[in-house]
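Take a look at the structure set out below.
The values are calculated or read from the model by the stated rules, or taken from the named source; none is laboratory data. This one's a predicted model, so the numbers in the text were calculated from it and none came from an experiment. Because the Cβ atoms are built from the backbone with ideal geometry, glycine has one as well, and the counts that use them run over all protein chains shown. These accessible areas exclude ligands, DNA and RNA; they are computed on the full protein's heavy atoms, side chains included. Shrake-Rupley method; radii C 1.70, N 1.55, O 1.52, S 1.80 Å.
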Amino acid sequence: MLNILIVDDNKNNLFTLHTLITEHLNAQIFEADSGPMALKILLKEKVDLIILDVQMPGMDGFETAQIIRSRRKNQHIPIVFLTAAYKTEDFRQKGFAVGAADYLTKPIDTAQLISRINTYLRFIEQEQLHKQELENKVQERTSKLLEANQLLNQEIAQRKQIEQALQQAKEKAEEANIAKSQFLANMSHELRTPLNAIIGYSEMLIEESEELELDFTPDLKKIQSAGKHLLGLINDVLDISKIEAGKMEVFWESVDMEALLNEVISTVQPLVEQKGNVLTVRRPPNLPTISSDTTKLRQMLLNLISNAAKFTEQGQIILDIQYPCSESIQFSVIDNGIGMTEEQQKKLFKPFTQADSSTTRRYGGTGLGLAITKKFAEMMGGNIQVYSEFGQGTTLTICLPTSNIFNSGILSDIPANITRSLGDGIVLVIDDDLLVRETLKHDLTKLGYAVAVADSGEEGLKLAYKLRPDAILLDVNMPKMDGWRVLSILKDNPLFVQVPVIMISMETPGQKCYVAGASEYLAKPIQREQLGKLLEKYHVAHQAQKLIMLVEDDVIIREVMSNFLTKEGWQVFKAENGKVALEHLEEQQPAIILLDLIMPEMDGFEFLKQLRKQEKWKSVPVIVLTAKSLTAEEYERLSHEGGSVFKKEAYNQHELTLHIHNLISQSTFKEPTSTTGNGITLNHFSC
């Protein structure tokens, strides 16, 4: 049924319109004799069509229509104006402007009225039909959305099940990875132990055969080379395993580039010459000392040059070193070997992958060297780039920072101004006067000490934390942080409470020197004899014993190491396990202990724990020699029981000898009967 609102101030007109409409149409009629009444009806009733008189007192039709159109609820209702006559065209346009759909004139023509109403009725019915269709579509889409939502919920549930399955798979994979790491650790011990024996015995036999000028020296060198090669392959597999597990660490230290470069060249030269290649080094005239990881940098350079030598025959290999800026150093290895295609370059840094299977068959190798090199470079804040042309050659370039970009705090690397010797004890000189520093460095070195110098209090504290010196010479008057402030910081730290600190001043500091915690004071200019006697007073130059205790269950390794240690001038006491070592510790009183970890009856961990329980043995330096790859927990356990960790994948006789010298010179171990000493414990572990 159609709802029609009739608005006219004339009641006769209302009656006439009402009667005409109801006679011809099925409609419900609402009547209003003014604009305000019409607005009230619209607030209450649903209206489909409005017939509105224009000329009404108070509020005419135009005003009423304008208000109706202003209400959002009524904007869609058609309005037909009813008027006696059009006064002007402007009058008519005004009606359309306020929203009129049409005009009807008085007197009312019945046929015209019904025709117009029927027309609007059709429009209204079509609109209602359209609305119904829209509602149906909305319902249909709502139904589809509900169905899609249900499917989505099902998919979410399935994904949760998949995620749970993935989590379980991840846990199993982690368990498998732990098992793999444990397997590699155990295998590394089993494989490295006989390899170390092979390498050690071959070195001994080579020395003897060279002395006796025997003919089989080249064969012995081949055995040694093969052993080192096999050890390198094992180390590569373990390195990539550590990297993937996130357990590989970077150890920042001062690197003498001259020494490192000479070592790399001497190591790789035989491999380069094996295929008739020539190695050329292009470098700046003076290579500075940088801060880096010596072991990793050496391995990266060896990997690059070895890789070039492997794929080049009767050619040229160039090692080019440049400093593109003060903060970075660049190493490029250039060869004119077989080169690589673009596809081969894409696989270059993938573990266990070489250019292709034919390359692997012809040249051999595990395909790990460059993958490890790339990982090492990234860990150290650098990168590696490759340029190659198939058939022409390859250039591999490593760019590394010259300092530790990840840590610039107080435990930063040892600066380049440290002089190391095989003397007895480390002395740290902190003075802002260059002449004083150089004089003391010269005099103390002559006396046999290892000397480190710092030009400020801040730098002095860094070196003190890094080196744990046996004595400190400290200037009183320095800018920024004076000697008294440095002394206060040192004495507040348990590590340095017993370290003798000798104050240096142009004037006598008096009682303040001892109240602040200094041991002695020296007046400038300093006399060498006075300085030497003062250091002797605090036992800084104490001569370490020459006895080394070697705790190793493997008979072959024990004999190999004992032989070369004896040749170096040390006395060696051999113990087959930790229990035997502890039983003889009191009578032997070693200056240093070389300790294996994996032993029957009492392993190295338990031995170390028992050793550190006794006060008089706490400062004995211990080097752990093991073929076992240590876990983070084992490193922490060793650190807890002994001290800092010195990492080496496999011992080298020369490096081990030098390390023993340094440890003994730095050791604070005194005779058991002695009640003096600086109290510093400096223990290193080699693994």
**Request:** Run ILE114 past the list (1) touching a residue at least 24 places away in the same chain (Cβ under 8 Å); (2) part of a helix (DSSP H, G or I); (3) in contact with a strand residue (DSSP E or B) (Cβ under 9 Å, 6 or more places away or on another chain) and report the number of the one that doesn't hold.
**Result:** (3)
**Item:** Boolean, HIS640 is at pLDDT below 80, open to solvent by 40 Å² or more (accessible area, probe 1.4 Å) and either in contact with a helix residue (DSSP H, G or I) (Cβ under 9 Å, 6 or more places away or on another chain) or not in a loop (DSSP other than H, G, I, E, B) (or both)
**Value:** yes
**Asked** Looking at (1) within 33 Å of the chain's Cα centre (by Cα); (2) without any contact (Cβ under 8 Å) to a residue 24 or more places away in the chain, which is the only condition LYS441 fails?
**Response** (1)
**Prompt:** What's the number of the condition ASN286 fails, among (1) in a loop (DSSP other than H, G, I, E, B); (2) at pLDDT 85 or above; (3) more than 17 Å from LEU370 (Cα to Cα)?
**Reply:** (2)
**Request:** Would you check if GLU140 is part of a helix (DSSP H, G or I), open to solvent by 50 Å² or more (accessible area, probe 1.4 Å), modelled with pLDDT under 80 and not small (Gly, Ala, Ser)?
**Result:** no
**Asked** Counting only residues that are in a helix (DSSP H, G or I) and without any contact (Cβ under 8 Å) to a residue 40 or more places away in the chain, which one in the stretch 470-495 is most open to solvent (accessible area, probe 1.4 Å)?
**Response** ARG485
**Asked** Among the residues of the stretch 115-173 satisfying the criterion of being within 30 Å of LEU17 (Cα to Cα) and of a type in the set (Val, Ile, Thr), which is nearest to the chain's Cα centre (by Cα)?
**Response** ILE124
**Fill in**
Contact list, first residue from the stretch 455-469 and under 15 Å from TRP252 (Cβ atoms), second anywhere and open to solvent by less than 10 Å² (accessible area, probe 1.4 Å), beta-carbon distance below 6 Å, six or more apart or interchain, is LEU463/LEU428; LEU463/ALA452; LEU463/ALA454; LEU467/ILE426; LEU467/ALA452
**Item:** Single condition ILE77 does not satisfy, out of (1) in contact (Cβ under 8 Å) with a residue 40 or more places away in the chain; (2) assigned to a loop (DSSP other than H, G, I, E, B); (3) closer than 16 Å to ILE4 by Cα
**Value:** (1)
**Item:** Every residue from the stretch 211-238 that is among the acidic types (Asp, Glu) and in a helix (DSSP H, G or I)
**Value:** GLU211, ASP219, ASP236
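Residues checked against (1) touching a His at 6+ places or on another chain (Cβ under 9 Å); (2) closer than 30 Å to GLY457 by Cβ; (3) modelled with pLDDT of 70 or more:
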| residue | (1), (2), (3) |
| --- | --- |
| VAL499 | no, yes, yes |
| THR508 | no, yes, no |
| PRO525 | no, yes, no |
| GLU529 | no, yes, no |
| GLY532 | no, yes, yes |
| HIS539 | no, yes, no |
| HIS542 | no, yes, no |
| LYS546 | no, no, no |
**Message:** Among the residues in the stretch 407-425, are any surrounded by fewer than 21 Cβ atoms within 10 Å (Cβ to Cβ) and modelled with pLDDT of 85 or more?
**Reply:** no
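This table checks each residue for (1) open to solvent by 80 Å² or more (accessible area, probe 1.4 Å); (2) on the phi < 0 side of the Ramachandran plot; (3) not hydroxyl-bearing (Ser, Thr, Tyr).
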position: LEU43; (1), (2), (3): yes, yes, yes
position: HIS76; (1), (2), (3): yes, yes, yes
position: PHE91; (1), (2), (3): no, yes, yes
position: THR105; (1), (2), (3): no, yes, no
**Prompt:** Using beta carbons and a limit of 6 Å, which pairs, at least six apart or on different chains, have the first residue in the stretch 55-67 and among the polar types (S, T, N, Q) and the second one part of a loop (DSSP other than H, G, I, E, B)?
**Reply:** GLN66/VAL98
**Asked** Taking the stretch 436-469 as the search range and keeping residues that are open to solvent by 60 Å² or more (accessible area, probe 1.4 Å) and part of a loop (DSSP other than H, G, I, E, B), which one is nearest to ILE489 (Cα to Cα)?
**Response** ARG468
**Item:** Scope the stretch 7-45; condition among the aromatic types (Phe, Trp, Tyr) and free of Cβ contacts under 8 Å to residues at least 24 places away in the same chain; matching residues
**Value:** PHE15
**Fill in**
When restricted to LEU39, LEU20, the only residue at pLDDT 90 or above and open to solvent by less than 60 Å² (accessible area, probe 1.4 Å) is LEU39
**Prompt:** Are there any pairs with C-beta distances below 8 angstrom linking a residue in the stretch 291-307 that is in contact (Cβ under 8 Å) with a residue 12 or more places away in the chain to a residue that is of a type in the set (Ser, Thr, Tyr) and open to solvent by less than 30 Å² (accessible area, probe 1.4 Å), with the two at least 6 apart or on different chains, and if so which?
**Reply:** SER291/THR402; SER291/SER412; SER292/THR402; GLN299/THR373; MET300/THR373; ASN303/THR373; LEU304/THR373
**Message:** Looking for something closer than 25 Å to ARG92 by Cβ, touching a Pro at 6+ places or on another chain (Cβ under 9 Å) and surrounded by fewer than 16 Cβ atoms within 10 Å (Cβ to Cβ) - is there at least one such residue anywhere in the stretch 49-58?
**Reply:** yes
**Item:** Residues located in the stretch 446-493, provided they are on the phi > 0 side of the Ramachandran plot and at pLDDT 80 or above
**Value:** LYS480
**Item:** Residues satisfying the stated conditions in the stretch 559-604, i.e. among the hydrophobic types (A, V, I, L, M, F, W, C), farther than 28 Å from GLU207 by Cβ and modelled with pLDDT of 85 or more
**Value:** VAL580, ALA581, LEU582, MET599, MET602
**Fill in**
Among (1) open to solvent by 60 Å² or more (accessible area, probe 1.4 Å); (2) in contact (Cβ under 8 Å) with a residue 40 or more places away in the chain, ASN286 falls short only on (2)
**Request:** Select from the stretch 574-610 the residues that are open to solvent by 10 Å² or more (accessible area, probe 1.4 Å), touching a helix residue (DSSP H, G or I) at 6+ places or on another chain (Cβ under 7 Å) and assigned to a helix (DSSP H, G or I) and list them in ascending order.
**Result:** LEU582, PHE605, GLU606, LYS609, GLN610
**Request:** Enumerate the pairs (first residue in the stretch 257-278 and over 16 Å from MET300 (Cβ atoms) and at pLDDT 90 or above; second residue anywhere and open to solvent by less than 60 Å² (accessible area, probe 1.4 Å) and charged (D, E, K, R)) with beta-carbon separation below 9 Å, excluding pairs fewer than 6 apart on the same chain, so at least 6 apart or on different chains.
**Result:** ASN277/ASP335
